[in-house]
1. Would you check which residues across the stretch 129-145 are closer than 14 Å to L102 by Cα, in contact (Cβ under 8 Å) with a residue 40 or more places away in the chain and part of a helix (DSSP H, G or I) and list them?
2. Search the stretch 61-89 for residues being assigned to a helix (DSSP H, G or I) and in contact with a strand residue (DSSP E or B) (Cβ under 8 Å, 6 or more places away or on another chain), and hand back the single one that is surrounded by the fewest Cβ atoms within 10 Å (Cβ to Cβ).
3. Consider the stretch 124-173. How many of its residues are under 23 Å from A81 (Cα atoms), out of contact with any Lys or Arg (no Cβ under 9 Å at 6 or more places or on another chain), of a type in the set (V, I, T) and open to solvent by 60 Å² or more (accessible area, probe 1.4 Å)?
4. Hey, any hits in the stretch 114-127 for a residue that's part of a helix (DSSP H, G or I) and not aromatic (F, W, Y)?
Amino acid sequence: MPTKRPTLADRRRSAILSQTPPQPAQTAPPAATMPEPPAPPTEEKNRRDQAASAGMDTVSVCLTPETYRLAKAAFLADWHADGQADTFGDWIAGACLRHAHLTPQQRADHPAIQPSGQPRSFTIGAQARAAIDAAITADSTAGYWTTRSAWVLTAIDAAITTAQNRAGGTLPTPPDRLPGRLPARSPR
């Protein structure tokens, strides 16, 4: 009688069992075991720890390509107008701080936007992150429930609208990739 050909699952099981060393039978539990050392931290955790120690934090938001392009254009327009924020992350932090200083009712008057698109993270100051968290708490106390990403997206949208109004409705065309830091503005 011919033998049955092993299935893929049988072959996998056999390969796994052949790689596992046999375990000796234990009759009594070990007296005292050393605790396992903690797992080594990941690069992401190291980056977050370094940012936190430097008074920085991150905020993540999902942006569509069009919203991201408009945000970069608004950043360039604001830099040209007043030059206060020389990095895109500083501009995001400023937008969040301005939005956080509004009352919950004023924030509710600005139409909330649901995040969609590609997730992006921005390094902002710990002060800006604390203001965001306090504003979200105040909003929820007032009955306006939102996620952090949606709140930040709404703040970015409000900053885009402000920049468009200041520039007369026309924003500059941003490059595909912004420089890490814009040059210092000369005093006028």
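1. Selection gives I132 alone.
2. Only one residue fits best here, namely P65.
3. 1
4. Yes, some residue in the stretch 114-127 is part of a helix (DSSP H, G or I) and not aromatic (F, W, Y).
The values are calculated or read from the model by the stated rules, or taken from the named source; none is laboratory data. Because the structure is predicted, anything quoted here is derived from the model rather than measured. With ideal geometry, Cβ positions are generated from the backbone for all residues, glycine too; neighbour counts draw on all protein chains shown. SASA here: full protein model, heavy atoms, side chains in, ligands and nucleic acids out. Shrake-Rupley method; radii C 1.70, N 1.55, O 1.52, S 1.80 Å.
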